[in-house]
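Peer 1: Below: one structure in structure tokens.
The values are calculated or read from the model by the stated rules, or taken from the named source; none is laboratory data. As the structure is a prediction and not an experimental result, all values here were calculated from the model. All Cβ positions, even for glycine, are placed from backbone atoms using ideal geometry, and neighbour counts span all protein chains on display.
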DNA sequence: GGCTGGCCCTGTACGC
DNA sequence: TGCGTACAGGGCCAGC
């Protein structure tokens with residue numbers, strides 16, 4: 001499930017392959033989630049950015065206007081130049097003027113593709129309302145505390161909601177809450193705990209980024225390699241195993257419908 | 001306006 | 001071996 005570290009790893013690899021290239025052919029699955037991919041036809045890619053879990057390719061269209069190709073990888077999405085466009089689970093592809101073809105493969109079809117006018121994210125409400133980037137100056141301990149205090153929703157669900165901070169999914173939410181010593185179902189987070197959580201979010205994401213992302217099943221880098229962060233996880237997916245901090249058995253539970261692992265002793 | 005829960009989607013694991 | 005069922009979960013939306 002690609003979260004910020006996985007999407008950023010993909011972005012870094014795609015940037016040199018795509019910037020300066022013009023899309024000369026494209027095709028998409030008829031589903032409304034993917035059907036607008038060919039709208040990038042004729043456009044030149046001028047940059048590849050990331051916002052939260054969204055990849056944004058800046059486009060200069062044939063009539064010289066600015067647009068964006070927005071890609072969300074969902075749970076099983078991959079962007080690969082080494083896959084055949086007619087292969088299984090391919091939902092879209094774009095052929096570039098250098099002959100390379102970027103293929104979007106998405107087994108479960110939870111991904112999404114949109115071509116929009118630059119900055120016009122009205123058709124993507126989560127992107128439009130995205131919170132601060134976790135490594136930006138806009139993400140502060142005080143801002144996180146205030147954002148969390150505005151709601152009584154469980155802290156893990158708030159992290160997953162993308163509004164208090166962008167780019168955190170189920171894996172890194174569990175990891176960050178474990179690092180901060182906060183129980184995932186907590187509804188009230190005070191200033192001190194928000195400060196701990198702020199650092200923990202950054203730390204968990206930074207480790208994931210340094211390891212090229214977490215591969216549990218489907219995530220692959222642009223070159224098809226798995227990430228290396230799965231062996232660095234302290235909490236997510238380790239239910240039934242001892243907590244690396246206190247030795248208690250990590251507990252598997254469901255928080256607002258999401259599978260969750262936490263330590264019953266050191267996460268309060 | 002905030003919150004909750006259901007839906008989408010398909011491969012895998014598991015029980016019978 | 002084959003079938004049916006549960007489960008995984010990010011984003012969106014309807015309903016309260």
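Peer 1: Identify, from the list A:162, A:230, the residue that is touching a helix residue (DSSP H, G or I) at 6+ places or on another chain (Cβ under 6 Å) and surrounded by fewer than 24 Cβ atoms within 10 Å (Cβ to Cβ).
Peer 2: Just one listed residue meets the conditions, A:162.
Peer 1: Within the stretch A:85-102, work out how many residues are away from DNA strand B (no atom under 16 Å from the Cβ) and part of a loop (DSSP other than H, G, I, E, B).
Peer 2: Within the stretch A:85-102, residues that are away from DNA strand B (no atom under 16 Å from the Cβ) and part of a loop (DSSP other than H, G, I, E, B) number 5.
Peer 1: Is it fair to say residue A:244 is in contact with a strand residue (DSSP E or B) (Cβ under 8 Å, 6 or more places away or on another chain), at pLDDT 90 or above, over 15 Å from residue A:185 (Cα atoms) and not assigned by TED's automatic domain parsing to the domain that holds residue A:111?
Peer 2: no
Peer 1: Would you mind telling me which numbered condition in (1) touching a strand residue (DSSP E or B) at 6+ places or on another chain (Cβ under 6 Å); (2) closer than 21 Å to residue A:142 by Cβ residue A:177 fails?
Peer 2: (1)
Peer 1: Another question about this same structure. Is the stretch A:153-172 home to any residue that is in a helix (DSSP H, G or I), away from DNA strand C (no atom under 13 Å from the Cβ) and not assigned by TED's automatic domain parsing to the domain that holds residue A:73?
Peer 2: yes
Peer 1: Please tell me if residue A:196 is over 28 Å from residue A:11 (Cα atoms), touching a helix residue (DSSP H, G or I) at 6+ places or on another chain (Cβ under 6 Å) and in contact (Cβ under 8 Å) with a residue 12 or more places away in the chain.
Peer 2: yes
Peer 1: Report whether or not residue A:233 is touching a strand residue (DSSP E or B) at 6+ places or on another chain (Cβ under 6 Å) and under 24 Å from residue A:157 (Cβ atoms).
Peer 2: no
Peer 1: Which condition number does residue A:121 fail, the rest of (1) more than 24 Å from residue A:159 (Cα to Cα); (2) more than 15 Å from DNA strand B (Cβ to nearest atom); (3) within 20 Å of the chain's Cα centre (by Cα) being met?
Peer 2: Residue A:121 satisfies every listed condition except (1).
Peer 1: Would you pick out the residues in the stretch A:210-237 that are more than 16 Å from DNA strand B (Cβ to nearest atom) and either closer than 26 Å to residue A:187 by Cβ or without any contact (Cβ under 8 Å) to a residue 60 or more places away in the chain (or both)?
Peer 2: Of everything in the stretch A:210-237, those that are more than 16 Å from DNA strand B (Cβ to nearest atom) and either closer than 26 Å to residue A:187 by Cβ or without any contact (Cβ under 8 Å) to a residue 60 or more places away in the chain (or both) turn out to be A:210, A:225, A:228, A:231, A:232, A:233, A:234, A:235, A:236.
Peer 1: Still on this structure, I have one more. Just to verify a result, which residue in the stretch A:28-52, among those that are out of contact with any strand residue (DSSP E or B) (no Cβ under 6 Å at 6 or more places or on another chain) and in contact (Cβ under 8 Å) with a residue 40 or more places away in the chain, is surrounded by the fewest Cβ atoms within 10 Å (Cβ to Cβ)?
Peer 2: Among those that are out of contact with any strand residue (DSSP E or B) (no Cβ under 6 Å at 6 or more places or on another chain) and in contact (Cβ under 8 Å) with a residue 40 or more places away in the chain, it is A:31.
Peer 1: May I ask you to verify whether residue A:48 is more than 16 Å from DNA strand C (Cβ to nearest atom), under 22 Å from the mean Cα position of the chain (by Cα) and part of a strand (DSSP E or B)?
Peer 2: yes
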